[in-house]
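Working notes, beginning with the structure itself.
Rule-based calculations on the coordinates, nothing more; no lab input. Keep in mind the model is a prediction, meaning the values are calculated, not measured. FYI the Cβ positions are ideal-geometry reconstructions off the backbone, even for glycines, and counts take in every protein chain you see.
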Amino acid sequence: MAAPTRLVVLISGSGSNLQALIDAANTPALPSVHLTRVISDRKNAYGLTRAAAAAIPTTYHGILPFRAAHPASEPAARAAYDAALAALVLAESPALVVCAGFMRIVTPAFLDPLREKAVQVINLHPALHGDLVGAGCIERAWAEFELGKRQRTGIMIHYVIAEVDMGEPIVQAPVEIEGCQDLPALQERIHEAEHKLIVQGARMAIDALKK
Ligand code: GRF
């Protein structure tokens, strides 16, 4: 029997998408996986608590020591941070990294060492490919809906490249805005859809690795 697929999950916040992966792991929805470590760029991310409750090792990887080491250059601090993050990830010998609400923009200093080891990186983004990129997409979609400029938005799981949120999509799902009374209602509708799609997208990425 093949060894379980090793996954590292990157988070920044509440970790509800991480929780979806934890709940689905080693069920028919996401078979034969081993979540080896959860890494957060924020010390107080509740997702770290969720990981610990599931007996998954955790690491807090903060930017401050790298800024202290490179006080004159934020790009140098980010490159050093990303190189250290890549080393943390590669120490787990994962097949796949899942960015589950990870709010940092990763640079080639992170992506290149992983590519050299054929480690794939996928990301959950709360918009359709090429529609809205960057942070605040749910809020922007809601604002455009209120102006009558759009009726729907969506979410996607995509491969991560240096260009933010522009990597090839693995799976996407439209989300109708119609019927949401306010922004929180849309956020809730999107998060519910995310919790399904992140499991489906991770499964598809793993299946693609095995081809
Ligand atoms: C999700 O909406 C994700 O799309 C966005 O941040 C949120 C993460 O939520 N990038 P959680 O930390 O998984 O609960």
*Report, in whole Å, the centroid distance computed from the Cα atoms of the range 8-82 and the range 98-162.*
17 Å
*For a label point 7 angstrom out from the Cα of ILE63 toward its Cβ, which stretches of the range 99-143 have the backbone nitrogen within less than 12 Å?*
103-107
*Hey, could you pull the Cα Rg and Dmax for the chain, both in Å?*
17.2, 55
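Within the range 1-99, which trypsin sites (Lys or Arg not before Pro) sit in a loop by DSSP and count at most 12 neighbouring Cβ atoms inside 10 Å?
Working: sites: ARG6, ARG37, ARG42, LYS43, ARG50, ARG67, ARG78; in loops: ARG42, LYS43.
Qualifying residues, ordered by number: LYS43.
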*Considering only the other residues whose Cβ falls under 15 Å of the Cβ of GLY179, what net charge follows from Lys and Arg at +1 and Asp and Glu at -1?*
-3
*For the range 1-104, what is the relative contact order in percent, using Cα pairs closer than 8 Å and at least 6 residues apart in sequence?*
38 percent
*Extending each Cα 7 Å along its Cβ direction at MET103 and ASN26, get the distance between those two points in nm, one decimal.*
3.2 nm
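Could you tell me which chymotrypsin sites (Phe, Trp or Tyr not before Pro) in the range 30-133 are loop residues by DSSP with no more than 16 other beta carbons within 10 angstrom of their beta carbon? Don't skip to the end; give the middle numbers.
Working: sites: TYR46, TYR60, PHE66, TYR81, PHE102, PHE110; in loops: PHE102.
Passing both the DSSP loop test and the Cβ count: no residue.
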*What area, in nm² and to one decimal, does the C-alpha convex hull of the range 32-136 cast on average over all directions?*
8.0 nm²
_Under a Cβ-only charge scheme (Lys and Arg +1, Asp and Glu -1), can you give me the dipole magnitude of the range 36-83 about the Cα centre, in debye to the nearest 20?_
160 debye
*For the range 1-110, with the dipole built from +1 on Lys and Arg beta-carbon atoms and -1 on Asp and Glu ones, taken about the Cα centre, which of ALA24, ALA84, ASN44 lies farthest toward the positive end?*
ASN44
*Go through the range 93-99 residue by residue and turn each phi into a ³J(HN,Hα) via Karplus (6.51, -1.76, 1.60, θ = phi - 60°); whole Hz please, and just put x for glycine and proline.*
6, x, 8, 8, 10, 10, 8
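Quick one: dipole size for the chain, taken about the Cα centre, charges +1 on Lys/Arg Cβ and -1 on Asp/Glu Cβ, in debye to the nearest 20. Please list the in-between numbers first.
On the way: 19 positive and 21 negative charges, 126 e Å.
So the magnitude is around 600 debye.
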_Longest to shortest principal axis, alpha-carbon extents of the range 131-211, angstrom_ = 44, 25, 16
_Length-normalised contact order for the range 60-115 - Cα pairs under 8 Å, 6+ apart - percent_ = 35 percent
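Where in the range 79-185 are there trypsin sites (Lys or Arg not before Pro) that are in a DSSP coil and have at most 13 other Cβ atoms within 10 angstrom of their Cβ? Kindly include the intermediate steps, with their values, before the conclusion.
On the way: sites: ARG104, ARG115, LYS117, ARG140, LYS149, ARG150, ARG152; in loops: ARG104, LYS117, LYS149, ARG150.
Here the trypsin sites (Lys or Arg not before Pro) that fit, given the DSSP loop and packing criteria, are LYS117, LYS149.
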_Average silhouette area of the range 147-190, convex hull of alpha-carbon atoms, in square nanometres_ = 3.9 nm²
